[in-house]
Amino acid sequence: MVRSYRKGNLKYIRNFQPFNIDGLMNAYRYKQMAYAEWFNLFKAGQLNKTQSKFFETKAVEELYDIEKDPFETNNLADKEGYQAELKTMRKTLISWMECQPDLSFYPEFYLLENAIQNPVKFGNTHKKDIKNYLNISNLALLDYDKASSKISKHLTSNDPWKRYWALIVCTTFAQKAKAFIPQIENIMKSDTQLINRMRAAEYFGVTGLKDTTKDMIETVYQSKNDTETLLILNAIALQKDFYQQYNFSINTSKIDKKLLDNKLISERVAYINSK
């Protein structure tokens, strides 16, 4: 969930889930020797700051002068002399996403179930909702003290996707959002959407405030949708390789059998279970 906008020599990037690492494990990438060596060097602490960036969390916003910095290594988003350009480009990107409207504010499995037959109609019908989800996601652009009261409201919303984005914003703020632990725990245990239970468990894994490995694994067992299952497994792989580096042991006999026929799922489970 990354969007970008370029104007002249400047490129603006908005990371909507900045806790997701670019170097997340996937089978085809790490079959390549260069990627495997890159990751091994990172784990061994032998990379410099720029080389390590691929395996670390991202800024919520990035701004690059791609004529001077074509490899996008010097983020200008916090630099005093670029704030006017940053705000203008942010506003333009937000406006463009609202006009589309950007369907990816719904989880992919939900779009496949509800929008794939006529995505244009779905987008137009849900344009107001999508704008609301975008506004919630943009709470991550505020200082935490200014965002917290609105986060609290959305965590208890009747709309599951408002809760979904409020959880993502909490994970973006990390330990700053620990005041919401009771609400997040409640979502993890009882939310009507399985993916929200996973997102809540993910918050604790990213922050290290609580070991929720069993809770994340339980969402795998309960899922009946292959795209949803892959999203959950990606989140578990993120926890395995980064953050607290928990060990996960997934019992394949507890997974819906038809899901294991999906090669991507079976490969991901095998990787997660490997030591």
Open item on the list: Which of the helices (runs of 4 or more DSSP H) found entirely inside segment 157-208 contain at least 2 residues meeting this: of a type in the set (Gly, Ala, Ser) and either under 19 Å from the mean Cα position of the chain (by Cα) or under 20 Å from Leu134 (Cα atoms) (or both)?
Closed with: 194-207
Open item on the list: Tell me which helices (runs of 4 or more DSSP H) are completely within segment 1-74 and hold 2 or more residues being farther than 16 Å from Arg90 by Cβ, out of contact with any strand residue (DSSP E or B) (no Cβ under 9 Å at 6 or more places or on another chain) and among the β-branched types (Val, Ile, Thr), or say none if there are none.
Closed with: none
- [ ] Identify the residue in segment 222-267 that is in a helix (DSSP H, G or I) and among the acidic types (Asp, Glu) and, among all such residues, is farthest from Lys43 (Cα to Cα).
- [x] Asp226
- [ ] Please work out which one of (1) surrounded by 15 or more Cβ atoms within 10 Å (Cβ to Cβ); (2) modelled with pLDDT under 95 is the condition Ser274 fails and give its number.
- [x] (1)
Open item on the list: Looking at segment 150-163, I want the residues that are among the acidic types (Asp, Glu) and have a partner that is assigned to a helix (DSSP H, G or I) and open to solvent by 30 Å² or more (accessible area, probe 1.4 Å) with Cβ atoms under 9 Å, at least 6 apart or on another chain. Which pairs are those?
Closed with: Asp159/Asp129; Asp159/Asn132
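Yes/no matrix, rows are residues, columns are (1) farther than 25 Å from Trp96 by Cβ; (2) surrounded by 14 or more Cβ atoms within 10 Å (Cβ to Cβ):
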residue	(1), (2)
Gly123	no, yes
His126	no, yes
Ile130	no, yes
Tyr133	no, yes
Asp145	yes, no
Ser148	yes, yes
Leu155	yes, yes
- [ ] Note down all Cβ pairs under 8 Å where the first residue falls in segment 248-263 and is modelled with pLDDT of 95 or more, the second is open to solvent by 90 Å² or more (accessible area, probe 1.4 Å) and of a type outside the set (Ser, Thr, Tyr), and they're at least six residues apart or on different chains.
- [x] Leu259/Lys224
TODO: Tell me, please, whether a residue that is crowded, with 16+ Cβ neighbours inside 10 Å, closer than 20 Å to Cys170 by Cα and either touching a Lys or Arg at 6+ places or on another chain (Cβ under 7 Å) or of a type in the set (A, V, I, L, M) (or both) can be found in segment 220-234.
DONE: yes
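Conditions tested, residue by residue: (1) in a loop (DSSP other than H, G, I, E, B); (2) surrounded by 18 or more Cβ atoms within 10 Å (Cβ to Cβ); (3) basic (Lys, Arg).
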residue: Gly81; (1), (2), (3): no, no, no
residue: Met89; (1), (2), (3): no, yes, no
residue: Ser95; (1), (2), (3): no, no, no
residue: Pro101; (1), (2), (3): yes, yes, no
residue: Leu112; (1), (2), (3): no, no, no
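The values are calculated or read from the model by the stated rules, or taken from the named source; none is laboratory data. Everything quoted here is computed from the prediction, not taken from an experiment. Note: ideal-geometry Cβ built from the backbone for every residue, glycine included; neighbour counts use all protein chains shown. Quick note on the areas: whole protein, heavy atoms, side chains included, nothing else; ligands and nucleic acids left out. Shrake-Rupley method; radii C 1.70, N 1.55, O 1.52, S 1.80 Å.
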